[in-house]
Amino acid sequence: MVHLLHRLYGVDAPAPSESELARLYRSQTDEELRRQLAEAIARCCCWGNNLVEFGNEGSVKPLVEYLASQDPVVHRSTARALHQLSRDPDNCISMHSSGVVKVTDRP
């Protein structure tokens with residue numbers, strides 16, 4: 001999964017572990033990086049068992065937190081990622097537990 005992200009963005013450095021990647025996007029405040037990470041997750045969920053692995057690594061809650069951004073482009077990328085992740089029932093439970101319904105239910 002992480003290697004797919006590396007290939008997607010053409011990074012030649014050694015690939016970070018999945019837990020390092022999870023830590024990276026949990027701590028991000030840069031809107032452009034958040035957008036790119038959410039978009040990469042959305043795209044990688046289409047391959048293999050990645051959507052389950054992302055859920056197992058705890059990626060759902062940080063993505064839900066990205067919905068608090070004021071940037072509509074971050075919202076769009078995050079919605080794509082959450083949509084892909086929602087194909088796994090366990091991720092749906094995590095989304096609900098993380099408050100995704102409350103966040104998206106605002107006018």
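With +1 on each Lys and Arg Cβ and -1 on each Asp and Glu Cβ, how big is the dipole of segment 48-107 about its Cα centre, in debye rounded to the nearest 20?
Magnitude of the dipole: close to 220 debye.
Hey, with R₀ at 25 Å, roughly what FRET efficiency would Asn49 and Arg76 work out to, going by the Cβ-Cβ distance, to 0.05?
Plugging the Cβ-Cβ distance into 1/(1 + (r/R0)^6) gives 0.50.
Here, each number is a calculation from the coordinates, and none is a lab measurement. Quick caveat, the model's predicted, so the values are computed rather than measured. Every residue, glycine among them, receives a Cβ derived from its backbone with ideal geometry; neighbour counts consider all protein chains shown.
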